[in-house]
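Everything below concerns the one structure shown next.
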Amino acid sequence: MAFTKLLVANRGEIAARVLRSARALGYPTVAVYSDADAASPHVRLADEAVRIGPAPAGESYLKGEALLEAAARTGADAVHPGYGFLSENAAFAAACAWAGLVFVGPPVEAIEVMGDKARAKARMRDAGVPVVPGHEGDAQDEAALREAAERVGYPLLIKAAAGGGGRGMRRVERPADLPRALASARDEAAAAFGDGRVLLERLVVGARHVEVQVLADAHGAAVHLFERDCSTQRRYQKVLEECPSPAVDPDLRARMGAAAVAAARAVGYQGAGTVEFLLDRDGAFYFLEMNTRLQVEHPVTEMVTGLDLVALQLDVAAGRPLPFRQEDLRLTGHAIEARLYAEDPWAGHVPQTGRVLAFEPAAGDGLRCDHALASGLEVTPFYDPMVAKVVAHGRDREEARRRLRRALLDTVLLGPRTNRRFLLDVLGHPTFVEGGVTTGFLEELEPLARPAPGPRALAAAAALWALPPAPGRERGDGWRSAGSRERPLSLLVDDRPLAGDVAVTGEGACRVRLDGAAPAVVRVLAREGARARVDVDGVQETVHVARDGERLLVEVGGARLTLAPAPVGAVGGPGAAGDGTVRAPMSGRVVAVEVTPGARVARGQVAARVESMKIESPVVCDVAGEVAEVRVSAGAQVEAGQALVVITPEGQG
């Protein structure tokens, strides 16, 4: 069905991605935004933009009637849902049809079938697509599920029947763990999807997560665009994706592709979709689910095929036939995508919020960065913590891997902490380098230690602290000394005290002595934006730097340092470990409080649970003692650093 104007019912990087392709095809475009996204780049990319509500997704991007009203107000006659939010919501797709809008996605019946894991598995089994052995029957009482679990065998997975994304999913190793895991999975599934039904599946140990991109039109044509390997994941959330899979040879590729196309045909699919499989060590594969939308990782497929999947989605939605046959498609090279999350990998990957101080994406051959970032924007607690996708293409896998590491190092992103250094470490891990990653890799990986800054990095950071840019002045290389030309340094570097002295020896040059070590001669050679070229004792390198009030953020080789003036006599900041005040690690909503006043608690015991950016994190007691105060209740919104519970440490009565 032809259409003339497209509304993108999403936000951030995927909204920007869809808007660019739509504009390239000549379609007028409409963006929508919540109060939190009023300054987002995706809003300015569209011809028109409509506010749809307050920051919480439930009052804006998940509010179907607000999206339909925005389409009516602007005369849009088609809606692209992006991914997440309402992209796989059959009721929203049906509402679009009732309103006379083209929904850029599959038919409602395909969304309904594939959105219910139990129905989807039954349909796939009938279509001859291999499925994981399990139980997806209507009997949902505990006795029936316990009996079914014995038939399936342990270890097994409990899965939410009506959703995905890791919500409502629990691994069960032995029968004694089943009741608690069932209760937890049902509660989470009901909260996330409004449906507490679950299914059971045999756990395929040592498996890879391999998915196949499919495309189908309204004229009976359906093809696959090869596979992507998404095995590098933690808590069922993907971290790195690549195309093609290092574990798939041409014969297996053809068989998995044929199964994926059969799955799409079995539900009358139209548009772009992804059929996900588990691939075991012996080369057997099993249907997991079908995502009836565009995937986050679609850029790696685009880079190895040269196709624009969004443009193809729009063409199919407009009634055009696919412009190629299966035999016309070719794989060229290899592509890997890294998801940049606003999270702290060294603190349990808890989400981070705050203002973006500086952002400059890497550029170069074979690189792509999908984002909706800009310096000055706020990363809020209301949405998913993914802030950008960095993608690299190479002639082979190793070239793509090297390019991606280089791109991550060259990307400037200062503000909230990110998982950038974690990604660099994983990309350099021997198991990833060799292509041997399975879905359990990151969970089984020994915790990666926070990188300790070397003497050169510390000297460079101290020099940048002592020699900030001259505000409002154009002098030489733009640098001057701060205060006296010789002065002591008393800093907190990542909350650890660091003492020394600095002597300014010229414009952009100084001698730095830290903690009694030998002095280092540092010269700031040039600065462009947030990038500074620094020479430390004759060795030059580029560092990233930005100020945030009294703090200075410096990144050297992907490792981040935060410098701040040390208070007189300070050995740590407020709420330091061991003081008995349990604080929120990030802004978000209190899901549960698990202690009460007067209760005895142990160090490491969970005191509360806080949800931010769709991720629930436990907050633990930092000392053993007695609970003196509980300052919050379930459902409360809290800010990062806010006191939740106060404990009187043992021995302090």
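Brief remarks on what is shown
- Cβ separations smaller than 9 Å between residues 6+ apart or across chains give the following pairs from the stretch 415-428 residues that are at positive phi to residues that are of a type outside the set (Lys, Arg) and part of a loop (DSSP other than H, G, I, E, B): 415/342; 415/352; 415/356; 415/357; 415/375; 415/377.
- Any hit, the stretch 247-266, residues being over 25 Å from the mean Cα position of the chain (by Cα), closer than 20 Å to residue 10 by Cβ and modelled with pLDDT of 95 or more: no
- Residues in the stretch 141-154 that are loosely packed, with under 13 Cβ neighbours inside 10 Å and within 34 Å of the chain's Cα centre (by Cα): 153 alone.
- Residues within the stretch 193-217 that are of a type outside the set (Asp, Glu) and closer than 30 Å to residue 321 by Cα, tallied: 6
- When the stretch 314-354 is filtered for residues that are acidic (Asp, Glu) and under 30 Å from residue 2 (Cβ atoms), the ones remaining, listed by number, are 315, 327, 328.
- In the stretch 129-140, the count of residues that are assigned to a helix (DSSP H, G or I) and surrounded by 17 or more Cβ atoms within 10 Å (Cβ to Cβ) is zero.
- Qualifying residue in the stretch 119-127 (condition: buried (at least 18 other Cβ atoms within 10 Å of the Cβ) and of a type in the set (A, V, I, L, M, F, W, C)): yes
- Residue under evaluation residue 5, criteria (1) of a type outside the set (Gly, Ala, Ser); (2) closer than 11 Å to residue 80 by Cα; (3) crowded, with 24+ Cβ neighbours inside 10 Å, criterion not met: (3)
- Being touching a Phe, Trp or Tyr at 6+ places or on another chain (Cβ under 9 Å), under 25 Å from residue 258 (Cα atoms) and not hydrophobic (A, V, I, L, M, F, W, C) is a property that holds for residue 227.
- Only one of 157, 215, 240 that is farther than 30 Å from residue 103 by Cα and surrounded by 15 or more Cβ atoms within 10 Å (Cβ to Cβ): 157
- Residue 414 being out of contact with any Gly (no Cβ under 7 Å at 6 or more places or on another chain) and buried (at least 20 other Cβ atoms within 10 Å of the Cβ): yes
- Scanning the stretch 248-272 for residues that are touching a Leu at 6+ places or on another chain (Cβ under 8 Å) and among the small types (Gly, Ala, Ser) turns up 271, 272.
- All strands (runs of 3 or more DSSP E) inside the stretch 348-411 with 2 or more residues being at negative phi and in contact with a Gly (Cβ under 8 Å, 6 or more places away or on another chain): 358-360, 386-394
- Tabulated pairs, the stretch 626-653, first at positive phi, second of a type in the set (Gly, Ala, Ser), C-beta under 8 angstrom, 6+ apart or interchain: 641/575; 641/584
- Residue match in the stretch 320-335 (condition: more than 29 Å from residue 406 (Cα to Cα) and hydroxyl-bearing (Ser, Thr, Tyr)): no
- Breaking point among (1) assigned to a helix (DSSP H, G or I); (2) in contact with a helix residue (DSSP H, G or I) (Cβ under 6 Å, 6 or more places away or on another chain); (3) closer than 30 Å to residue 497 by Cα, for residue 461: (2)
- Only a single criterion out of (1) farther than 24 Å from residue 612 by Cβ; (2) under 27 Å from the mean Cα position of the chain (by Cα) is not satisfied by residue 216, namely (2).
- Restricting 174, 151, 180, 170 to those that are out of contact with any helix residue (DSSP H, G or I) (no Cβ under 7 Å at 6 or more places or on another chain), within 25 Å of residue 276 (Cα to Cα) and basic (Lys, Arg) reduces the list to 151.
Here is a yes/no grid of residues against (1) modelled with pLDDT under 95; (2) under 29 Å from residue 135 (Cα atoms); (3) buried (at least 19 other Cβ atoms within 10 Å of the Cβ); (4) of a type outside the set (Phe, Trp, Tyr):
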residue	(1), (2), (3), (4)
94	no, no, no, yes
97	no, no, no, yes
102	no, no, yes, yes
110	no, yes, yes, yes
116	yes, yes, yes, yes
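- Odd one out for residue 79, checked against (1) surrounded by fewer than 23 Cβ atoms within 10 Å (Cβ to Cβ); (2) within 30 Å of residue 378 (Cβ to Cβ): (1)
- Restricting the stretch 118-141 to residues that are closer than 30 Å to residue 64 by Cβ and of a type outside the set (Lys, Arg), the residue that is modelled with the lowest pLDDT: 138
- Among the residues of the stretch 265-306, the ones that are surrounded by fewer than 24 Cβ atoms within 10 Å (Cβ to Cβ) and of a type in the set (Gly, Ala, Ser) come to 5 in all.
- Output for the stretch 607-639, where each listed residue is in a loop (DSSP other than H, G, I, E, B) and of a type in the set (S, T, N, Q): 633
- Scan of the stretch 142-200 for residues that are modelled with pLDDT of 90 or more and acidic (Asp, Glu), ordered by number: 147, 150, 173, 177
The values are calculated or read from the model by the stated rules, or taken from the named source; none is laboratory data. The structure displayed is predicted, hence computed values, not measured ones. FYI the Cβ positions are ideal-geometry reconstructions off the backbone, even for glycines, and counts take in every protein chain you see.
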